[in-house]
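Comments concern the structure below.
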Amino acid sequence: MIPFYDPQRTYEDNYALGPFGAFRASSPFVRAEQPRSRFLGQPVTRPFGIPAGPLLNAAFCAAAFGHGFDVNVYKTVRTRAHRAYPFPNTLAVHVDGALTMERAARPVTADSDFRHVESITNSFGVPSRDPDEWQPDMAKAVQSAGSGQVLVGSFQGTRSDGHSADRMAAYVADHVRAATLVAETGAKVLELNLSCPNEGASNLLCFDTPTVVKIVEAIRNAIGDMPLVLKLAYFAEDPPLAKLVAATSSLVDGYAAVNTIPATLVGADGGQALPGKGREVGGVCGAAIAWAGLEMTERLATLRDRGNRDFAIVGIGGVRTEHDYATLRHAGADAVMSATGAMFDPLLGVRIHGVAEASRPA
Ligand SMILES: Cc1cc2nc3c(=O)[nH]c(=O)nc-3n(C[C@H](O)[C@H](O)[C@H](O)COP(=O)(O)O)c2cc1C
């Protein structure tokens, strides 16, 4: 099937001309039911959709809602314009089986052969329009949600130069500004991306609990009781995840996991697959990381149950089938999302509407 985000075109061309394939055509989707589930207080027909990434703007979001994806995330925005990394931004990744952490320590092959693709890398650098441009566009995306559908606005902070104390204050303030700008669009749920792999996996914000607490407290003061979700990377060890959840679960409404797993990407000749300095490593997503999405969902559900806490879990990672959806719901996910799977199979949302809902009510 033709992907709705075309990896063979630049990010800018996708932004201007997309979506493509089935998302351009009229939708075969007919809503048969009234919303029966709730996701963070919002009525949803099926708690399934597309996470931050492939939905670049309102045109992509409207197409996703029209094709039966009911909980969709507008791609991560910043408080100022930021360019995408040079083309290509997406390559097919060829891993035999699961990209375990052990396997990810060795190079994996990546190229532009998208036939039978199951896993990809995405390397965009979190591009953003200026808020003057993305705010009205995100507001349009919010409006395109129908009955039983919800748009989530994803954002992240941008580091600035200066002395360390000032730098931290500015970094926190930038997060607050981003959250406020997203809230102004009318988005019903906010998602803070703490798992941006572009500054090196060891610096991921989600692994720095004290800084996350500072940022989230400041955001909470600014947004009042609006639902806020934290987007997480894969945590190799349990104690840091437990520490993060213990420190933040009273401040936020949910956790979304998982983001991509970083790996060194090489072409068939063994050379660097993505052009440019700092792009030796790219985030891998799709079927090869399904294990990580399931494991993080299970671990978050255990922390929720054992700690008698009340937060939503958004299960993400390698979801391609109705069975994958049901598995994550059964593991405790209140909502499930698919980025790579949905990109290459834009009718997945329609099929998920056929899945009987038997698991934990959202
Ligand atoms: C094209 C593309 C762009 C992405 N951009 C973002 C982003 O801007 N912010 C973010 O939090 N995650 C981003 N992601 C990560 C996804 O939200 C998701 O966590 C990851 O792809 C795993 O899901 P999957 O296996 O279904 O692809 C992106 C993923 C893809 C495929």
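What to note about this one:
- Simple Cβ-charge dipole of region 70-201, Lys/Arg +1 and Asp/Glu -1, about Cα centre, in debye nearest 20: 120 debye
- For His116 and Ala165, a Förster radius of 35 Å and the Cβ-Cβ distance give a FRET efficiency of 0.10, rounded to the nearest 0.05.
- Rounded to the nearest 500, the helix-only mean residue ellipticity at 222 nm of the chain stands at -9500 deg cm²/dmol, with each DSSP H run of n ≥ 4 adding -39,500 (n - 2.57).
- Options Thr260, Gly332, Thr302, ranked by Cα towards positive dipole end of region 252-343, top entry (Cβ charges): Thr260
- Long hydrophobic helices in the chain: the complete DSSP H runs spanning 27 Å or more by Cα along their own axis with mean Kyte-Doolittle hydropathy of at least -1.0 are 164-184.
- Protein accessible area in the chain, 1.4 Å probe - carbon and sulfur %: 51 percent
- Taking 24 Å as the straight-line reach from the Cα of Lys231, the lysines in range (excluding those fewer than 8 positions away in the same chain) are Lys75, Lys140, Lys188, Lys214, Lys243.
- Taking every protein chain into account, the accessible area of the chain amounts to 41 square angstrom per residue (probe 1.4 Å).
- Region 118-188-region 47-113 distance, computed between alpha-carbon centres (Å): 16 Å
The values are calculated or read from the model by the stated rules, or taken from the named source; none is laboratory data. What you see is a predicted model; the values in this text were computed from it and never measured. Note that we place each Cβ from the backbone using ideal geometry, even for glycine, and neighbour counts take in every protein chain shown. Surface areas here come from the heavy atoms of the whole protein model, side chains and all, with no ligands, DNA or RNA. Shrake-Rupley method; radii C 1.70, N 1.55, O 1.52, S 1.80 Å.
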